[in-house]
Amino acid sequence: MTTEPIRVLVVEDDPVAADAHLLYVGRVPGFTAVGAARTGAEARRMLERTRVDLLLLDLHLPDTHGLQLARSLRAAGYRADVIAVTSARDLAVVREGVSLGVVQYVLKPFTFATLRDRLVRYAEFREAEGEASGQDEVDRALAALRAPGPAALPKGLSAPTLERVTEVLRQREQGLTAAGVAEAAGISRITARRYLEHLVQAGRAARNPQYGQVGRPELIYRWVPVAAPGDPGAGPGAPGTGGGIRRPTPPRPYGPSAPS
């Protein structure tokens, strides 16, 4: 018996991020992206004409808050689960989202590997069927939704410092040297260089030499705002689309959109 793929609707107003999320979903076996909606109203219209199992939902949309959209969909009888993809870190919002069918939160910026892990765990949760034999089995089913911990970073790197470096780089479209990033982030130049090289290897930053009048060229690091097959865990291919669904642009190095 062939199991039908989990049908995912991306709700994201940033077109670059929406295209990247469509590509990411299509790279995870067992999932298919049915389209992208830019607003809450567009999401409701798409739900009226196509079956959706899971919303990949940005919380800050042009016409509504994502949780308000989730609340209205619940009231209208739509049972699709929600993975919130957002930069919002307010734990009160997280608690409210739990009651509205938000099963996971993915904080921007993130890599393909992070989203893939959340999707795979969601699929494992959906596969649980029948009657539980006891508390342990119930706990295992619920645990499938919970990541064991933060996505692994190379030894010596920390998530808070990586976030600071990322935000500094994203705010400087013209790019910065390691020394410039170090000064803005309040860390040493050597430390900044390590984090910048990690972002380059993850496909989320690019470096190019800048030649001065004398001496060795300096390396300029720039944030790369779109998705790439070279992201950690990324695989070949892109989601197939059809039936009037917008086809995403070819993949390039990706970092999710600025805080929304």
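The values are calculated or read from the model by the stated rules, or taken from the named source; none is laboratory data. Because the structure is a prediction, the values reported are computed rather than measured. Here the Cβ positions follow ideal geometry from the backbone for every residue, glycine too, while neighbour counts run over all protein chains shown. In case anyone asks, the SASA skips ligands and DNA or RNA and just uses the protein heavy atoms, side chains included. Shrake-Rupley method; radii C 1.70, N 1.55, O 1.52, S 1.80 Å.
Take Tyr24 and tell me if it is open to solvent by 10 Å² or more (accessible area, probe 1.4 Å) and under 13 Å from the mean Cα position of the chain (by Cα).
On the way: open to solvent by 10 Å² or more (accessible area, probe 1.4 Å): no; under 13 Å from the mean Cα position of the chain (by Cα): yes.
Answer is no for this residue.
Each row is one residue, and each column tells you yes or no for (1) closer than 23 Å to Leu47 by Cβ; (2) at pLDDT 75 or above; (3) of a type in the set (Phe, Trp, Tyr).
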position	(1), (2), (3)
Ala76	yes, yes, no
Val82	yes, yes, no
Ser87	no, yes, no
Asp90	no, no, no
Leu100	yes, yes, no
Thr114	no, yes, no
Glu124	no, yes, no
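Of everything in region 177-208, what is in contact with a strand residue (DSSP E or B) (Cβ under 6 Å, 6 or more places away or on another chain) and not in a loop (DSSP other than H, G, I, E, B)? Give them in sequence order. Spell out how you get there, then give the answer.
From region 177-208, those in contact with a strand residue (DSSP E or B) (Cβ under 6 Å, 6 or more places away or on another chain) are 177, 196, 199-200, 205-208; that's our starting set.
Leu196, Leu199, Val200, Ala205, Ala206, Arg207, Asn208, listed by residue number.
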Being open to solvent by 50 Å² or more (accessible area, probe 1.4 Å) and within 24 Å of the chain's Cα centre (by Cα) is the filter here; which residues of region 168-209 pass it?
Gln171, Arg172, Glu173, Arg194, Gln201, Arg207
Go through region 50-81 and report how many residues are outside any helix (DSSP H, G or I) and hydrophobic (A, V, I, L, M, F, W, C).
9
Taking Asp58 as the residue in question, decide whether it is surrounded by fewer than 22 Cβ atoms within 10 Å (Cβ to Cβ), modelled with pLDDT of 85 or more and in contact with a helix residue (DSSP H, G or I) (Cβ under 8 Å, 6 or more places away or on another chain).
no
Go over the candidates Val93, Val98 one by one and state the one that is open to solvent by 60 Å² or more (accessible area, probe 1.4 Å), without any contact (Cβ under 8 Å) to a residue 60 or more places away in the chain and over 22 Å from Arg170 (Cα atoms).
Val98
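Residues are listed down the side, and each one gets a yes or a no for (1) open to solvent by less than 60 Å² (accessible area, probe 1.4 Å); (2) β-branched (Val, Ile, Thr); (3) at pLDDT 90 or above:
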site	(1), (2), (3)
Thr166	yes, yes, no
Ala228	yes, no, no
Asp231	yes, no, no
Gly243	no, no, no
Pro259	no, no, no
Among the residues of region 83-99, which ones are of a type in the set (D, E, K, R) and either within 17 Å of the chain's Cα centre (by Cα) or under 22 Å from Arg121 (Cα atoms) (or both)?
Arg89, Arg95, Glu96
Residues of region 27-45 being more than 25 Å from Thr111 (Cβ to Cβ) and open to solvent by 10 Å² or more (accessible area, probe 1.4 Å), in sequence order, are Thr39, Ala41, Glu42, Arg44, Arg45
Check whether at least one residue in region 66-82 is of a type in the set (Gly, Ala, Ser), under 26 Å from Glu124 (Cβ atoms), without any contact (Cβ under 8 Å) to a residue 40 or more places away in the chain and in contact with a strand residue (DSSP E or B) (Cβ under 8 Å, 6 or more places away or on another chain), and report yes or no.
yes
Looking only at region 15-36, count how many residues are touching a residue at least 12 places away in the same chain (Cβ under 8 Å), more than 14 Å from Val85 (Cα to Cα) and not in a helix (DSSP H, G or I).
8
